[in-house]
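Below: one structure, written as structure tokens.
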Amino acid sequence: MRPLITRPARKRHVALAEELAATFRERAAEYDRKAAFPYRNIDDLRNAGYLRLTVPRELGGLGGDLGDMAAAQERLAAGCASTALTVNMHLSMAGQLARAWRTTGDERARRMLADIADGNVVLMGATAEPGHALVRSTGAKARKVDGGYLVTGDKTFGTGSAVMTHMTSMAEYRDHPDGPHVLVFRIPADSPGIRVLDGTWNTSALRATRSESIELRDVMVPEENVITSFPVGTLDGSLLQTVWGWAMPTFAAVYLGVAVGAYEQCVRDVLSRGWEERPYVRTTLAECEALIETSRALIDRTTGEVMGNALWNELGIQQGMSRVVLAKTVGTNNAVAVVDHVIRLIGTPALRPGSVYERAHRDVRAGTMHPYSNSDACDLVAATALGAEVAPVTPPRLARLAEPTP
């Protein structure tokens, strides 16, 4: 069952994603088998205008908000999981930048958004490190120099590193006057000292993302390229508004889309086999429908809360974090459950290498480990329900961000 979408603009975004997904579906098995980055798919996304989905219309984009992105990304992932996850990083950052521009009118943000709309900029993030999954700390170090900082560190899971023009990352500045702070910054990907470590991505899932590790050695970060900073070890309100608020519901949408792609193929196969009258088949399909629609409802509610400022104005920062993380957790775990239902129903064809079922079985499980992982999410959600503090809170720099136009 396709989601019922009443907003005309969202229908157009989802229809574009569906058109692209139909093409990507034919290429997905080969990209996965070779663990090859889907350059053709990225070119198609650029040519179709999909890479400017979250850029404001007045700057040359499609004007999509967070909810539009989540709905479109579900459909794109039903065609190719690796492509959808790769572009998720770019669209999310572009959307955050667009909201910042609408709120503050920042000229640098306007110029970058225009460059994204022109197809000249592709954004990605390199924040992940072993032992620092919650983005409250980082092993990378920043040293103050004239005009900015020199950053040295090692990053993992550089999704989009194959095509990025600009990279967002973070480092600890120990000598901050208010104590050690995490600096979040964006710099050109060809800055001296940045090296993508080709060959470090060797996984069983999402093979075509080529999420290579990235090395930073005395990389110059100009002062004006620091986006935000916060005390080490805190839950930062500005990150709730940006990184977590945009990533959690859209990660859920991507992994849900992987499951939906397998489920839709299952329905086609059930009909071709003449199994539609079997009670077990009907029970299984009904359970899948319930899991999918439950996830969609929570993702949609959460995107509305992020875009409406409610998560940090009506709730505390930890409560807001708990809600966005819960959306991701429910979406990804329901996606795993859907794929498992489908595989039990469809049988041995799910064992065939390169089948949509075999890829979905591997790819969808990455969602439970993708930060916030299941274990980290459970800790946060349970502590919040019990009224226990997981970390000190830093309020957002701006209490209210620009809201979408009706």
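The values are calculated or read from the model by the stated rules, or taken from the named source; none is laboratory data. Given the structure is predicted, the values throughout are model-derived calculations rather than measurements. Don't worry about glycine lacking a Cβ; one is built from the backbone with ideal geometry, like all the others, and counts go over all protein chains shown. Each accessible area value is taken on the protein alone, full model and side chains, heavy atoms only, with ligands, DNA and RNA left out. Shrake-Rupley method; radii C 1.70, N 1.55, O 1.52, S 1.80 Å.
Excluding residues fewer than 8 places away in the same chain, name every one of the lysines whose C-alpha is closer than 26 Å to that of Lys144.
Answer for Lys144, where 26 Å is the Cα cut-off: Lys155, listed by chain and number.
Can you give the relative contact order of the range 1-125 as a percent, counting alpha carbon pairs under 8 Å and 6+ residues apart?
Once normalised by length, the contact order is 28 percent.
Where the centre of each part is set by its Cα atoms, how far does the range 160-175 sit from the range 23-55, in angstrom?
Between the Cα centre of the range 160-175 and that of the range 23-55, the gap is 23 Å.
If you take the alpha carbon radius of gyration of the range 126-280 and divide it by 2.2 N^0.38 Å, what ratio comes out, to two decimals?
1.37
With a 1.4 Å probe and every protein chain left in place, tell me how much accessible area Glu314 has, in Å² to the nearest 10.
In the full protein context, Glu314 sits at about 150 Å².
Translational D (Stokes-Einstein, µm²/s) of the range 305-403 at 20 °C and 1.002 mPa s when Rh comes from the Kirkwood sum over C-alpha pairs?
136
Just Leu315, Leu123, Leu183 to compare: in a GNM of the chain, with alpha carbon springs under 10 Å, which one fluctuates most?
Greatest mean-square fluctuation among the candidates belongs to Leu315.
Report the dimensions of the range 1-122 along its three principal axes from the alpha-carbon atoms, largest first, rounded to Å.
On the principal axes, the range 1-122 reaches 45, 33, 18 Å in Cα extent.
Express the relative contact order of the range 137-231 as a whole percentage, based on alpha carbon pairs under 8 Å and six or more residues apart in sequence.
Relative contact order, the range 137-231: 37 percent.
Below 8 Å, C-alpha to C-alpha, sequence gap of six or more: please give me the relative contact order for the chain in percent.
Relative contact order, the chain: 18 percent.
Considering only protein heavy atoms and a 1.4 Å probe, what is the carbon-and-sulfur percentage of the accessible area of the range 1-86?
After summing per-atom areas, the C and S share lands at 51 percent.
Tell me the accessible surface of Asp190 in square angstrom (1.4 angstrom probe, heavy atoms of protein chains only), to the nearest ten.
130
Among Pro353, Pro222, Pro279, determine the one that fluctuates most according to a GNM of the chain built with springs between C-alpha atoms less than 10 Å apart.
Highest fluctuation of the listed residues: Pro279.
Translational diffusion coefficient, Stokes-Einstein: compute it for the chain using the Kirkwood radius over C-alpha pairs as Rh, at 37 °C and 0.692 mPa s, and state it as an integer in µm² s⁻¹.
It diffuses with D of about 153 µm²/s by this estimate.
In a GNM of the chain with a 10 Å cut-off on Cα contacts, which of Val306, Val135, Val270 has the highest mean-square fluctuation?
Residue with maximal mean-square fluctuation among Val306, Val135, Val270: Val270.
Once you mark the trypsin sites (Lys or Arg not before Pro) that are in a DSSP loop and have at most 13 other Cβ atoms within 10 Å, what is the longest gap between them in the chain?
175-396
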